[in-house]
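These notes are about the structure you will find just below.
Laboratory data are not the source of any read-out in this text; all were calculated from the coordinates shown. Keep in mind that what you see is a predicted model, and the values were worked out from it rather than measured. Counting neighbours? That spans all protein chains shown, and the Cβs are built from the backbone with ideal geometry, glycine included.
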Ligand SMILES: [Zn+2]
């Protein structure tokens, strides 16, 4: 019983406000002490203070069901669904709802689940329209069950949708073949993808995480809140891909009824942050600033032993050397991908989840290593040989003849035009760089990564945006201090 509630708690932990977590924790404690009156009182209090949240209503339904009031359970469950509860599997398996599951109301809810989901996304879109107004554009992607709410011009919005589709195609082919099943697809909840203006992004960030210093908001690219089925990002490249990968991974976990540990969730999502077209013409995970750091750690013999990485709590993962944890988890999956074992791993892992939820057993099996120590050795040798790419922290003395700056938005912003060739090409301060050499460039790290391997004197085509006009220009790679 507690397990399920903890799982539910895990859902809201995605983005708790302090008030929510303490109230809910106290209520859950009361509930597990079978002090249902107190638990229900706390949940009702919380529901009043947070009219948007479905969690207290879902939990109230559980409490009512346990106490034998199946009718009350049904009413609360319908309210929970109205407020956005959309995890069918949870409702079908939560032991707290056993009594409720014998009712006609329950049967009706299950039978009309696809309609619930469709109605939910329409309500979400309507609310978004009210909040963001007619200047945003609103589009639905039926295939991937996404609704886009975008502050950008039509071309940029389309590019973002294509980026998402490309990521989905790759992920489903390479990691989640189980998501191809069309029959189950209409039970996948829709997800709202919001690409806001910098101002709206800031408002969302403050509302979600509380007030924070400006620097912290600019470092926050975006987030996916699975409880709300809402993805918000101000970066149309690596963050969009990373967060969208979480969407797919949650779909897979929900269908399987599993909750995967943080290293798998973040490692897989980080994999798609940097992708490139390879010589073989495939779009694949690429070496990046993250693998740079893994190569450095490997050479210093300071990689985190795999048995420690796989058992790390979310808290520790995110707060103690987070960058190294993300980088190494990503690299482990890149290592598997390099060997063509990524899909094998995920299949094997999800099959044996019951025996070893950490994933270590499946990792050793698929990589063919006998022990964690053997894996560490093989992984370290591989990591030492990772190719180095240019990155923001140690930029090369090469460029396209302009000074670029981070811009919260769809690409780095041109601050100053330095070279003759960039001037002649028509680049101006304020232009947003969006691509180079046919590859998309959405932030400075991506720009430097794409610059890797280019030589002084070479001419490249860049794409850029000036307000809602999209342009291209040929510029020369020049030597410059960045
Ligand atoms: Zn993530």
Over the chain, what is the mean sequence separation of C-alpha contacts under 8 Å (at least six apart), divided by residue count, expressed as relative contact order in percent?
-> 10
Among 150, 440, 371, which comes first, then next, by fewest other beta-carbon atoms within 10 Å?
-> 371, 440, 150
P(r) tail for the chain, what percent of Cα pairs lie past 39 Å?
-> 28
If you count the DSSP beta bridges with both ends in segment 113-257, what percent of them are antiparallel, to the nearest 5?
-> 55
How much length is gained if the chain between residue 355 and residue 323 is pulled fully straight, taking 0.36 nm per residue apart and subtracting their Cα-Cα distance, in nm to one decimal?
-> 8.6 nm
Ranked highest first by the average count of other Cβ atoms within 10 Å around their residues, in what order do 23-29, 111-117 fall?
-> 23-29, 111-117
Which ordering of 376, 254, 35 is given by a fewest-first count of other beta-carbon atoms within 10 Å?
-> 35, 376, 254
Under the definition of Cα pairs under 8 Å and six or more residues apart, what whole-number percent is the relative contact order of segment 253-361?
-> 37
Note the angle between two axes, namely the Cα long axis of helix 36-49 and the longest principal axis of the Cα atoms of the chain, as a number of degrees from 0 to 90, rounded to the nearest 10.
-> 40
Listed highest first by mean packing, meaning other Cβ atoms within 10 Å per residue, what order do 345-356, 166-177, 80-91 come in?
-> 80-91, 166-177, 345-356
By average C-beta atoms within 10 angstrom, highest first, the peptides 427-436, 441-450, 278-287, 36-45 = 441-450, 427-436, 36-45, 278-287
Per the helix-only model, the chain has a calculated mean residue ellipticity at 222 nm (DSSP H runs of ≥4, -39500 (n - 2.57) each, divided over all residues, rounded to the nearest 500) of -16000 deg cm²/dmol
Final fewest-first order of 131, 334, 300 on the 10 Å Cβ neighbour count is 300, 131, 334
R0 of 45 Å, Cβ-Cβ distance residue 380-residue 415: FRET efficiency to nearest 0.05 = 0.65
